[in-house]
1. With the range 242-352 as the region, which helices (runs of 4 or more DSSP H) entirely inside it contain at least 2 residues that are over 30 Å from M155 (Cα atoms) and within 13 Å of the ligand (Cβ to nearest atom)?
2. Is at least one residue of the range 61-70 in contact with a strand residue (DSSP E or B) (Cβ under 6 Å, 6 or more places away or on another chain) and hydrophobic (A, V, I, L, M, F, W, C)?
3. Looking only at the range 357-365, decide whether some residue is at pLDDT below 95 and either among the polar types (S, T, N, Q) or assigned to a helix (DSSP H, G or I) (or both).
4. Can you name the residue in the range 123-171 that is of a type in the set (D, E, K, R) and buried (at least 19 other Cβ atoms within 10 Å of the Cβ) and, of all such residues, is nearest to the chain's Cα centre (by Cα)?
5. Quick one: I9 ticks every box in (1) under 26 Å from I403 (Cα atoms); (2) in contact (Cβ under 8 Å) with a residue 24 or more places away in the chain except a single one, so which number is it?
6. Sort through I324, I305 and tell me the only one that's hydrophobic (A, V, I, L, M, F, W, C) and over 27 Å from I212 (Cβ atoms).
7. Please tell me if V219 is of a type in the set (V, I, T), under 16 Å from the mean Cα position of the chain (by Cα) and within 10 Å of the ligand (Cβ to nearest atom).
8. What number of residues within the range 47-68 are basic (K, R) and within 27 Å of S31 (Cβ to Cβ)?
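The values are calculated or read from the model by the stated rules, or taken from the named source; none is laboratory data. Note that this is a predicted model, so its numbers are computed, not measured. No Cβ is skipped: glycine too gets one built from the backbone with ideal geometry, and neighbour counts run over all protein chains shown.
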Amino acid sequence: MCSFVNFNINGYHYKLPVIYGTFCDKAINISQLRENTGFITFDPGFKNTGITKSSISFIDGEKGELLYRGYPIEQIINKCSFIETSYLILNGELPDTAQLKYFSEKIKKLNHIHVKINQILDQIPNSYHPMGILSYLTYILDTFINSLEEKEEEMYLHLLAKLPMLAALTYRKKIGLPPLPTYADYHLDYISNLLKMFFSIPNKSYKQNPIIVDALNKVLILHADHEQNCSTTTVRLLGSAHAGLFSSISAGMSALWGKLHGGANQAVIEMLENILKSGGNIKKWIEKAKNKKDPFRLMGFGHRIYKNFDPRARIAKKVAENVIQKLGISDPIFELAKNIEENALKDSYFVEKKLYPNIDFYSGIIYQAIGIPKDMFTVMFALGRLSGWIAHWKEMKFNREPIARPRQIYIGYKKRNIEN
Ligand code: CMC
C-alpha cells in the first residue's frame, strides 16, 4: 500500500499523503493542496470527497453490503431490537443485559414532554406537512429541557425518548385523535410504546399486535445509520459551526424531508398510486424514467453509493411480504412495486447505470401495512435515523472537526464600480 501519490502540476512535483480505512478504502489527503499549489479540488455533490473518518457504519456499494459498527445488517435485523441497535450505533458495542436495561429505563424516565408543546402544536395549521412540524418541534424542544444543567449524554436520551412522542402528537392532531397524556407507558418497550402513542384511543385499551411490532422494529433498524448521507452531513455541518444539538438534528430532518433523500418513501407510494390509477402500464413509466427530456424518475431506484443491490431494500421487501401476508392484506401497490422491480432490473438502462431499488422502494409499503399514513413515512424514517444522527454528532465533536466551509470557483462579475 502506497503512503503517497505523486502529483505534477505545471512542472512541479508534489507528494500527497494517502489515508486508508479498515477495508482499504483509500483517499488522497489534499488538506495542504491549496497552500502548496494554489489549486482547490472541484467536486459538486461531494461525489469523490471524504469529509471525515468515521467508525459508525460502512457501505460496500460494489458488493451491496452494509455494516453497523462492523456487524452486517442481515445479522442485526435477525438478532437485535431497534433499541439495541440504537445503543450499538451510539456507543459502539452491543449492550449486555444490564446495559440494555439501564439504557431502556433511562429513556422511559425521560419519555414525557412539557404540556406547552401540546399548546404550541395546537397553533400549527393541519395543512402543514408532518416533517416540517417535527423539525420545528425538535428545534424548540431544548427550550423545555434545562440543557445547561444536564450533561450532553442526557440530551441524547432526551431526544430518543421524546421524538416518538412528538411524532405521535403530530399524527394524532392531524387526524383528530385526542392528544396523548404528555408521558408514555412505563411498562412497554420502545416500539410498543411508539405504536400505543400513535394509535391508542382513550376509551379502549390498546392491544399490541406482535406482527406490527416486529415489522416496525425491523424497518426502523434499516434506517438507523448510513454513513455520510445528506441529512447526516447536514447534522455534522451544523455541529461543526458549534450550533446546538437540537437545532442540528432539526436541520438534519429538513434535509431528510427532500424527495431525493428520505422524502422518497412518500414519493414512491404516490408514484405507485399514480401508475396504478393510470392503468398500470409499467413499460410506459419505465420509458418515461429513461427519457432525459422527461423530469420523471423512478422513485425508490438508484443510490449514490450502491452500485449493486441496496441490502436494506432486499430486507425491506421480505419484511413487507411477511407483514402483508400475516396481516392478510391484499395490496395491489406491493404487487405493482414487485412487477416494476422485475421489469426495471431487466432493462439495459437500469442495468448499465446500476440502478437498483433502494430502501425507500419498499419501506412505505411496510408503513402503509401497519397503518401509518403517507405523509408520516419520512417522520418514521427520522425516528429510525435519530441514533445515527446523534452518533455522528458525537463523533464530530470528539474529533474536534473544524468548521465545514467549502470553497468555490467564482464565475461572477469582475471587480467593477457603481456608476453615479
Ligand atoms: N430513475 C431514472 N434514472 C435515474 C434514477 C432513477 N431513479 N436514478 C438515477 N438515474 C440516472 C440519472 O439520470 C443519471 O443518468 P446519466 O448518467 O445519463 O445522467 C444516472 O442514473 C446517475 O444518477 P445521478 O442522479 O447522477 O446519481 P446520484 O448519485 O447523484 O443520485 C439518487 C442518487 C438517489 C439521488 C438518484 O438515484 C435518484 O434521484 N433516485 C430517485 C430518488 C430516490 O429513490 N431517493 C432515495 C435514495 S435512498 C434513501 C436515502 O438516501 O434517503
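1. Working: elements: 245-257, 264-277, 282-290, 311-326, 332-344, 348-352.
Hits in the range 242-352: 264-277, 282-290, 311-326, 332-344, 348-352.
2. First, pick out the residues of the range 61-70 that are in contact with a strand residue (DSSP E or B) (Cβ under 6 Å, 6 or more places away or on another chain): 66-68.
Cutting the leftovers down to hydrophobic (A, V, I, L, M, F, W, C) gives us 66-67.
Within the range 61-70, one or more residues are in contact with a strand residue (DSSP E or B) (Cβ under 6 Å, 6 or more places away or on another chain) and hydrophobic (A, V, I, L, M, F, W, C).
3. Pass one, the range 357-365, residues at pLDDT below 95: none.
Within the range 357-365, not a single residue is at pLDDT below 95 and either among the polar types (S, T, N, Q) or assigned to a helix (DSSP H, G or I) (or both).
4. From the range 123-171, those of a type in the set (D, E, K, R) are 142, 149-154, 162; that's our starting set.
Still in the running and buried (at least 19 other Cβ atoms within 10 Å of the Cβ): 142, 162.
On the way: D142: 22, K162: 18 Å.
Only one residue tops the list, namely K162.
5. I9 satisfies every listed condition except (1).
6. Working: I324 fails: over 27 Å from I212 (Cβ atoms).
Exactly one residue qualifies, and that residue is I305.
7. Working: of a type in the set (V, I, T): yes; under 16 Å from the mean Cα position of the chain (by Cα): yes; within 10 Å of the ligand (Cβ to nearest atom): no.
Judged against the criteria, V219 is not a match.
8. Final tally of qualifying residues: 2.
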